[in-house]
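Input: a single structure, listed below in C-alpha coordinates.
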Amino acid sequence: MTSRQLSSLIILFICLIKLQGQNNRWINYNQIGWYNYFGTFKLNPKFSLHTEYQFRRNNFITDWQQSLLRVGINYELNSAIQLRVGYGNIETFNYGDIPINKFGKNFTEHRSYVAITLKQTLNKIDVSQRYKLEQRWVGQYSDSSSKQEDKYTYLNRMRYMLRIQIPLTKTDSLKKNQLYFAVYDELFIGFGKNVVQAVFDQNRLSALIGFKFNKHMKLEAGYLYQILQLNRLVLNRPVFQDNQGFITNLIFNL
(Lines give C-alpha, C1' and ligand atoms only; values in the text may rest on other atoms or scores of the structure.)
Protein backbone atom coordinates (compact mmCIF):
# COMPACT_ATOMS: atom_id res chain seq x y z
CA MET A 1 0.00 0.00 0.00
CA THR A 2 1.40 3.40 -0.98
CA SER A 3 1.34 6.54 1.19
CA ARG A 4 -1.23 8.05 -1.20
CA GLN A 5 -3.55 5.08 -0.71
CA LEU A 6 -3.17 5.37 3.07
CA SER A 7 -4.04 9.06 2.92
CA SER A 8 -7.13 8.34 0.81
CA LEU A 9 -8.36 5.73 3.28
CA ILE A 10 -7.91 8.08 6.23
CA ILE A 11 -9.82 10.85 4.41
CA LEU A 12 -12.61 8.35 3.64
CA PHE A 13 -12.94 7.40 7.31
CA ILE A 14 -13.03 11.05 8.39
CA CYS A 15 -15.87 11.65 5.92
CA LEU A 16 -17.74 8.68 7.38
CA ILE A 17 -17.40 10.19 10.83
CA LYS A 18 -19.04 13.40 9.57
CA LEU A 19 -22.21 11.40 8.78
CA GLN A 20 -23.36 12.10 12.31
CA GLY A 21 -24.14 15.70 11.38
CA GLN A 22 -27.42 14.99 9.60
CA ASN A 23 -30.32 16.81 11.25
CA ASN A 24 -32.86 13.97 11.33
CA ARG A 25 -30.89 11.90 13.81
CA TRP A 26 -30.89 11.64 17.58
CA ILE A 27 -27.35 12.09 18.92
CA ASN A 28 -26.61 10.61 22.35
CA TYR A 29 -23.32 11.83 23.88
CA ASN A 30 -21.30 9.69 26.29
CA GLN A 31 -17.91 9.96 27.96
CA ILE A 32 -16.14 6.62 27.89
CA GLY A 33 -13.04 4.95 29.28
CA TRP A 34 -11.77 1.62 27.94
CA TYR A 35 -9.17 -0.41 29.87
CA ASN A 36 -7.93 -3.36 27.85
CA TYR A 37 -5.66 -6.37 28.17
CA PHE A 38 -4.35 -8.35 25.16
CA GLY A 39 -2.20 -11.46 25.52
CA THR A 40 -0.66 -13.72 22.88
CA PHE A 41 0.87 -17.03 23.99
CA LYS A 42 2.95 -18.87 21.43
CA LEU A 43 2.21 -22.60 21.12
CA ASN A 44 4.67 -23.40 18.32
CA PRO A 45 6.26 -21.50 15.39
CA LYS A 46 2.93 -21.29 13.55
CA PHE A 47 0.17 -21.33 16.19
CA SER A 48 -0.53 -19.07 19.17
CA LEU A 49 -3.36 -18.44 21.63
CA HIS A 50 -5.03 -15.01 21.70
CA THR A 51 -6.62 -13.80 24.97
CA GLU A 52 -8.34 -10.48 25.56
CA TYR A 53 -10.45 -8.68 28.14
CA GLN A 54 -11.90 -5.18 27.71
CA PHE A 55 -13.25 -3.31 30.73
CA ARG A 56 -15.39 -0.61 29.10
CA ARG A 57 -16.85 2.15 31.24
CA ASN A 58 -19.22 5.07 30.79
CA ASN A 59 -18.70 8.45 32.48
CA PHE A 60 -15.02 7.63 32.06
CA ILE A 61 -14.93 5.07 34.89
CA THR A 62 -17.96 5.25 37.20
CA ASP A 63 -20.53 3.22 35.20
CA TRP A 64 -20.53 0.07 33.11
CA GLN A 65 -20.68 0.27 29.33
CA GLN A 66 -19.53 -3.21 28.27
CA SER A 67 -17.59 -6.22 29.50
CA LEU A 68 -15.89 -8.06 26.63
CA LEU A 69 -14.00 -11.36 26.85
CA ARG A 70 -12.48 -12.76 23.64
CA VAL A 71 -10.25 -15.73 22.82
CA GLY A 72 -8.85 -17.06 19.55
CA ILE A 73 -6.30 -19.25 17.80
CA ASN A 74 -3.75 -17.53 15.56
CA TYR A 75 -1.99 -19.08 12.59
CA GLU A 76 1.04 -17.30 11.11
CA LEU A 77 0.87 -17.91 7.39
CA ASN A 78 4.11 -15.94 7.08
CA SER A 79 5.71 -12.86 8.66
CA ALA A 80 3.20 -10.56 6.96
CA ILE A 81 -0.08 -12.51 7.22
CA GLN A 82 -1.84 -13.76 10.35
CA LEU A 83 -5.13 -15.71 10.43
CA ARG A 84 -7.38 -15.97 13.50
CA VAL A 85 -10.57 -17.77 14.48
CA GLY A 86 -12.23 -17.23 17.84
CA TYR A 87 -15.13 -16.59 20.20
CA GLY A 88 -16.30 -13.58 22.19
CA ASN A 89 -18.67 -13.13 25.14
CA ILE A 90 -19.96 -9.59 25.55
CA GLU A 91 -22.22 -8.09 28.21
CA THR A 92 -23.72 -4.71 27.24
CA PHE A 93 -25.16 -2.62 30.06
CA ASN A 94 -27.91 -0.03 30.23
CA TYR A 95 -26.04 3.25 29.73
CA GLY A 96 -26.66 6.62 28.11
CA ASP A 97 -29.86 8.57 27.62
CA ILE A 98 -31.07 6.23 24.86
CA PRO A 99 -30.07 2.63 25.69
CA ILE A 100 -29.19 0.11 23.02
CA ASN A 101 -31.84 -2.30 24.29
CA LYS A 102 -35.29 -0.76 23.82
CA PHE A 103 -36.42 -1.87 27.30
CA GLY A 104 -33.34 -0.39 28.96
CA LYS A 105 -31.99 -3.79 30.01
CA ASN A 106 -28.55 -5.35 30.00
CA PHE A 107 -28.03 -8.04 27.38
CA THR A 108 -25.52 -10.76 26.50
CA GLU A 109 -23.98 -11.39 23.11
CA HIS A 110 -22.21 -14.53 21.93
CA ARG A 111 -19.92 -14.03 18.98
CA SER A 112 -17.76 -16.15 16.69
CA TYR A 113 -15.34 -14.55 14.26
CA VAL A 114 -12.64 -15.06 11.67
CA ALA A 115 -9.96 -12.46 10.89
CA ILE A 116 -6.95 -11.85 8.71
CA THR A 117 -4.26 -9.29 9.54
CA LEU A 118 -1.80 -7.97 6.96
CA LYS A 119 1.41 -6.29 8.19
CA GLN A 120 4.06 -4.29 6.40
CA THR A 121 6.75 -1.69 7.15
CA LEU A 122 7.14 1.50 5.09
CA ASN A 123 10.23 3.57 5.94
CA LYS A 124 10.19 2.46 9.60
CA ILE A 125 6.41 3.03 9.79
CA ASP A 126 4.48 -0.12 10.70
CA VAL A 127 1.18 -0.49 8.85
CA SER A 128 -1.37 -3.18 9.63
CA GLN A 129 -4.75 -3.90 8.10
CA ARG A 130 -7.25 -6.22 9.73
CA TYR A 131 -10.32 -7.71 8.06
CA LYS A 132 -12.80 -9.41 10.37
CA LEU A 133 -16.11 -11.23 9.82
CA GLU A 134 -18.34 -11.72 12.87
CA GLN A 135 -21.33 -13.97 13.52
CA ARG A 136 -23.32 -12.48 16.40
CA TRP A 137 -26.09 -13.88 18.61
CA VAL A 138 -27.52 -10.88 20.49
CA GLY A 139 -29.82 -11.41 23.48
CA GLN A 140 -33.35 -9.97 23.26
CA TYR A 141 -36.34 -9.59 25.60
CA SER A 142 -39.90 -10.34 24.50
CA ASP A 143 -41.32 -7.57 26.71
CA SER A 144 -40.36 -5.19 29.51
CA SER A 145 -41.43 -7.66 32.23
CA SER A 146 -38.94 -10.34 31.12
CA LYS A 147 -36.26 -10.96 33.74
CA GLN A 148 -33.68 -12.33 31.30
CA GLU A 149 -33.14 -12.74 27.58
CA ASP A 150 -35.59 -15.26 26.13
CA LYS A 151 -34.37 -15.22 22.53
CA TYR A 152 -31.30 -14.38 20.47
CA THR A 153 -31.17 -12.45 17.19
CA TYR A 154 -28.53 -13.48 14.67
CA LEU A 155 -26.53 -10.65 13.03
CA ASN A 156 -23.58 -10.51 10.63
CA ARG A 157 -20.93 -7.82 10.70
CA MET A 158 -17.81 -6.96 8.70
CA ARG A 159 -14.96 -4.92 10.16
CA TYR A 160 -11.93 -3.23 8.61
CA MET A 161 -9.17 -1.64 10.69
CA LEU A 162 -6.18 0.37 9.48
CA ARG A 163 -3.43 1.04 12.03
CA ILE A 164 -0.26 3.10 11.54
CA GLN A 165 2.55 3.02 14.11
CA ILE A 166 5.47 5.47 14.03
CA PRO A 167 8.58 5.23 16.25
CA LEU A 168 9.40 8.40 18.19
CA THR A 169 13.04 7.50 18.77
CA LYS A 170 15.82 6.82 16.31
CA THR A 171 15.96 3.07 15.97
CA ASP A 172 15.90 0.41 13.29
CA SER A 173 13.13 -1.46 15.06
CA LEU A 174 11.06 -1.28 18.22
CA LYS A 175 13.05 -3.66 20.41
CA LYS A 176 12.81 -2.33 23.99
CA ASN A 177 12.32 0.88 25.96
CA GLN A 178 10.96 2.63 22.90
CA LEU A 179 8.32 5.31 22.52
CA TYR A 180 5.94 5.27 19.56
CA PHE A 181 2.84 6.99 18.22
CA ALA A 182 -0.05 5.02 16.77
CA VAL A 183 -3.33 5.93 15.10
CA TYR A 184 -6.05 3.59 13.92
CA ASP A 185 -9.51 3.70 12.44
CA GLU A 186 -11.96 0.80 12.34
CA LEU A 187 -15.17 0.69 10.32
CA PHE A 188 -18.05 -1.73 11.16
CA ILE A 189 -20.70 -2.69 8.58
CA GLY A 190 -23.72 -4.85 9.45
CA PHE A 191 -25.49 -7.04 6.91
CA GLY A 192 -28.17 -9.72 6.72
CA LYS A 193 -31.96 -9.81 7.13
CA ASN A 194 -31.92 -8.89 10.83
CA VAL A 195 -29.92 -5.69 10.33
CA VAL A 196 -32.88 -3.31 10.31
CA GLN A 197 -31.19 0.06 10.78
CA ALA A 198 -27.47 -0.28 11.47
CA VAL A 199 -25.91 -1.13 8.11
CA PHE A 200 -23.37 1.46 9.18
CA ASP A 201 -22.84 -0.10 12.61
CA GLN A 202 -20.05 2.03 14.05
CA ASN A 203 -16.67 3.65 13.53
CA ARG A 204 -13.77 3.97 15.97
CA LEU A 205 -10.88 6.41 15.72
CA SER A 206 -8.00 6.46 18.18
CA ALA A 207 -4.63 8.21 18.62
CA LEU A 208 -2.18 6.63 21.07
CA ILE A 209 1.20 7.11 22.68
CA GLY A 210 2.87 3.80 23.44
CA PHE A 211 5.91 2.51 25.31
CA LYS A 212 7.48 -0.82 24.45
CA PHE A 213 9.31 -2.18 27.50
CA ASN A 214 10.74 -5.18 25.64
CA LYS A 215 9.68 -7.67 22.98
CA HIS A 216 7.13 -9.17 25.38
CA MET A 217 5.23 -6.18 26.78
CA LYS A 218 4.02 -2.73 25.81
CA LEU A 219 1.58 -0.18 27.17
CA GLU A 220 -0.31 2.43 25.14
CA ALA A 221 -2.91 5.05 25.98
CA GLY A 222 -4.70 7.88 24.24
CA TYR A 223 -7.88 9.33 22.81
CA LEU A 224 -10.83 7.27 21.57
CA TYR A 225 -13.76 8.45 19.44
CA GLN A 226 -16.61 6.00 18.78
CA ILE A 227 -19.71 6.59 16.64
CA LEU A 228 -22.30 3.84 17.05
CA GLN A 229 -25.71 3.49 15.39
CA LEU A 230 -28.54 1.68 17.15
CA ASN A 231 -30.28 -1.07 15.20
CA ARG A 232 -33.70 0.52 15.79
CA LEU A 233 -35.57 3.80 15.37
CA VAL A 234 -36.79 6.04 18.19
CA LEU A 235 -39.84 8.12 17.23
CA ASN A 236 -39.08 7.17 13.60
CA ARG A 237 -35.61 8.68 13.82
CA PRO A 238 -32.25 6.85 13.78
CA VAL A 239 -30.14 7.08 16.91
CA PHE A 240 -26.38 7.57 16.98
CA GLN A 241 -24.07 7.48 19.99
CA ASP A 242 -21.23 10.00 19.99
CA ASN A 243 -18.79 8.48 22.50
CA GLN A 244 -15.52 10.22 23.33
CA GLY A 245 -12.94 9.46 26.00
CA PHE A 246 -9.70 7.60 26.49
CA ILE A 247 -8.34 4.10 26.03
CA THR A 248 -5.47 2.14 27.57
CA ASN A 249 -4.04 -1.10 26.19
CA LEU A 250 -1.71 -3.47 28.06
CA ILE A 251 -0.25 -5.89 25.51
CA PHE A 252 1.71 -9.08 26.19
CA ASN A 253 3.36 -11.26 23.57
CA LEU A 254 4.85 -14.37 25.21
Pop the C-beta distance of SER146 and TYR53 into the FRET formula with R0 = 25 Å and round what comes out to the nearest 0.05.
0.35
Considering only protein heavy atoms and a probe of 1.4 Å, how much of the accessible area of the chain is carbon and sulfur, as a whole percent?
60 percent
Three-way shape call for region 102-198 based on the alpha-carbon gyration tensor, with the a/c threshold at 1.5:
prolate
Region 137-254: spread of alpha-carbon positions along the three principal axes, whole Å, largest first, is 58, 28, 25
Computed on alpha carbon atoms, what radius of gyration and Dmax characterise region 39-129, expressed in Å?
17.2, 52
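Give me the 1.4 Å probe accessible area per residue for the chain, excluding ligands and nucleic acids, in Å².
Ligands and nucleic acids excluded, the result is 52 Å² per residue.
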Between 0 and 90 degrees, rounded to the nearest ten: what's the tilt of helix 3-17 against the longest Cα principal axis of the chain?
20 degrees
Beyond 30 Å, what share of the Cα-Cα pairs of the chain remains, rounded to the nearest whole percent?
29 percent
Is it possible to state the helix-based mean residue ellipticity at 222 nm for the chain, with each DSSP H run of 4+ residues giving -39500 (n - 2.57), the sum divided by total residues, to the nearest 500 deg cm²/dmol? What is it?
-2000 deg cm²/dmol
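The values are calculated or read from the model by the stated rules, or taken from the named source; none is laboratory data. This structure is a prediction, so every number in the text was calculated from the model and none was measured. Here the Cβ is made from the backbone with ideal geometry for all residues, glycine too, and neighbour counts use every protein chain on show. Accessible surface is based on the protein model in full, side chains and every heavy atom, while ligands, DNA and RNA are left aside. Shrake-Rupley method; radii C 1.70, N 1.55, O 1.52, S 1.80 Å.
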